[in-house]
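To start, the structure under review is shown below, and the notes come after it.
All of the numbers you see were taken from the coordinates with simple rules; none came from a lab. In this text the structure is predicted, and so the values were computed from the model without any measurement. A quick note on method: Cβ atoms are made from the backbone with ideal geometry, for glycine too, and the neighbour counts reach across all protein chains shown.
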Amino acid sequence: MELTDDQKKTLLTAEVDHEGHSQCVLALYPGLYKFTTTHGWLKYNGTFWEQEGAEQSVERAITNTLAHRR
């Protein structure tokens, strides 16, 4: 994954806590995930929001983001 300068800046400057990690996930995956109380995690496939596999996908995105922050 090639990061933009803005994404790199967010990874380096966000606080090292839950909020900072969340900001970094949003910076690396803008508009890709959303959480609803009725459906849980959803992933945008470019056309519509999908529930199937979304939770596993967001967990991988979080893990990938944390690896970038090391």
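Points to keep in mind about this one:
- Net charge of neighbours whose Cβ lies under 12 Å from the Cβ of Leu3, counting Lys and Arg as +1 and Asp and Glu as -1: 0
- Estimated [θ] at 222 nm from DSSP helical runs (n ≥ 4, -39500 (n - 2.57)) normalised by residues in the chain, nearest 500: -16000 deg cm²/dmol
- Length gained when the stretch Met1-Phe35 is fully extended (0.36 nm per residue, less Cα-Cα span): 9.9 nm
- A simple rule links phi to the HN-Hα coupling: the Karplus curve 6.51 cos²θ - 1.76 cosθ + 1.60 with θ = phi - 60°, which for the range 2-15 gives 8, 9, 7, 4, 5, 5, 4, 4, 4, 4, 7, 9, 5, 4 Hz, with x for Gly and Pro.
- The H on the amide N of Trp41, modeled in the peptide plane, is under 5 Å from the matching H of Thr36, each at least 5 residues off or on a different chain.
- In the range 1-42, trypsin sites (Lys or Arg not before Pro) in a DSSP loop with at most 16 other beta-carbon atoms within 10 Å: none
- Average projected area [Cα convex hull, the chain], square nanometres: 5.0 nm²
- For Thr63, net neighbour charge (Lys/Arg +1, Asp/Glu -1) across residues whose Cβ lies under 14 Å away: +1
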